[in-house]
Ligand SMILES: NC(=O)c1ccc[n+]([C@@H]2O[C@H](COP(=O)([O-])OP(=O)(O)OC[C@H]3O[C@@H](n4cnc5c(N)ncnc54)[C@H](OP(=O)(O)O)[C@@H]3O)[C@@H](O)[C@H]2O)c1
């Protein structure tokens, strides 16, 4: 496939480019030419292409003119820009995948790009990163059915992100006020911490596409001793965890959890899996906006990551809830 990576010079984008160029032709897109040229110096088979923030419609046209099959959006675009880019791609028959954890981005992309995506038979999907997207919806799918209430809690022992991730995290935090912290217990190696309710994309995806009665997402940073650049967090294997709890009619709780490290490496792997699922789609298969956990089924995600040294899975448990 021919794949354009938007935000290719960023922390996420570079990892996505490195992984995808092994099996695909990659067109790298960002705003500044200097970092793009440096990226091409590292990887001469990567083509470069500049984008300009002010004209996302023009950007979609420019990308499509390179005859790409898929756009992977790894820049911290605000919802209106991301949605116009997604619509532009879908209208030109180009698949659109976004790694965002922002519910506002996912819902805006859905509003603007679902219909053109269906009309042109291409996939539009958001939340292909491990935080606030495909892993949360996958875990929830393992324990929750239609009509269940789902709680997803993210935890990390430190907060080390690149600039784009920080601006995105800030938008997510500011999207919901007031944030009332709640004490949550996590599996090892974490310890109890105060979690804030935050509107991650997986809550919106679960309610909109998985038929759950309600979905809530929370996030906590326990320990908090680490701040800095993501490369350091990766080297020091700073862990994060996700716990999914589901219950129906107040009688039973099912729980499943994972702990992992290196969320940016995982993002690249999940994007690659999303692309593999697009490649494997039968002719005439469903198109338009798709939750990532529908594009790549939970079984496929579990299978793909089962042996990954970056993730450890905890089996689902059931327990009765006192009446
Ligand atoms: N859900 C998850 O688990 C997950 C995981 C990783 C990342 N993410 C998301 O991925 C996004 C990027 O994060 P990051 O930490 O990788 O960011 P980053 O390292 O700061 O990189 C940002 C990249 O986007 C480009 N860019 C920024 N604004 C742009 C615009 N308007 N048009 C075109 N390109 C633009 C930058 O290029 P220039 O320097 O040329 O502007 C750069 O290549 C964030 O939204 C983050 O939340 C999500």
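Quick notes on this structure:
- Helices (runs of 4 or more DSSP H) completely within the stretch 148-256 that count 1 or more residues being at pLDDT 90 or above and under 30 Å from residue 108 (Cα atoms): 163-174, 201-209
- Residues being at pLDDT 80 or above and either part of a loop (DSSP other than H, G, I, E, B) or in the same structural domain as residue 270 (by TED's automatic domain parsing) (or both) - total across the stretch 305-323: 5
- Residue match in the stretch 84-105 (condition: touching a helix residue (DSSP H, G or I) at 6+ places or on another chain (Cβ under 6 Å), under 19 Å from residue 173 (Cβ atoms) and without any contact (Cβ under 8 Å) to a residue 40 or more places away in the chain): no
- Among the residues of the stretch 32-52, those identified as assigned to a loop (DSSP other than H, G, I, E, B), within 26 Å of the chain's Cα centre (by Cα) and at pLDDT 90 or above are 32, 46.
- Members of the stretch 263-289 that are under 22 Å from residue 8 (Cβ atoms) and in contact with a strand residue (DSSP E or B) (Cβ under 9 Å, 6 or more places away or on another chain): 263, 266, 271, 274, 275, 277, 278
- Matching entry among 17, 109 (being buried (at least 23 other Cβ atoms within 10 Å of the Cβ), in contact (Cβ under 8 Å) with a residue 60 or more places away in the chain and more than 9 Å from the ligand (Cβ to nearest atom)): 109
- Residue match in the stretch 51-63 (condition: more than 11 Å from the ligand (Cβ to nearest atom), under 23 Å from residue 162 (Cα atoms) and touching a helix residue (DSSP H, G or I) at 6+ places or on another chain (Cβ under 8 Å)): no
The values are calculated or read from the model by the stated rules, or taken from the named source; none is laboratory data. These numbers come from a predicted model, not from an experiment. Don't worry about glycine lacking a Cβ; one is built from the backbone with ideal geometry, like all the others, and counts go over all protein chains shown.
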